[in-house]
Amino acid sequence: MYTAQRRSFRSGRQHDHDNSEKLDRIAADTQRGKSFLAGKAVAAYVERELEIIEGIKRGMADAEARRVIPHDQAVAERSSRMPSVGRPRADEAGSSVEASTSG
């Protein structure tokens with residue numbers, strides 16, 4: 001158990017070192033101080049996390065108030081609005097079949 005904790009600690013220190021080097025590079029390239037950049041990063045993180053938390057709270061309130069739709073309906077609505085990743089669009093469907101059968 002102790003060995004696993006030490007290994008995790010070491011990799012955490014390496015991660016911190018890597019981030020410190022990256023921060024040094026950004027500071028040099030942007031001519032900004034490391035503390036300024038770190039402060040901006042923390043502020044961005046806090047804003048993003050608060051947005052996520054608020055979204056989760058809204059979703060939980062919607063669920064509690066029964067303002068929900070079945071999963072299959074949500075997927076169908078999403079699919080009708082957005083092309084699926086990795087699948088050809090309707091206007092490309094025929095061309096991909098033709099390309100795979102010609103040879």
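Nothing in this text is a laboratory measurement; each read-out follows from the coordinates by a stated rule. Being a predicted model, the structure only gives us computed values, none of them experimental. Here the Cβ positions follow ideal geometry from the backbone for every residue, glycine too, while neighbour counts run over all protein chains shown.
Cross-link reach is defined here as a Cα-Cα straight distance under 28 Å, omitting same-chain residues fewer than 8 places apart; for residue 22 the lysines meeting it are 34, 40. Label sites at residue 71 and residue 49, each approximated as a point 7 angstrom past Cα along Cα to Cβ, lie 2.9 nm apart.
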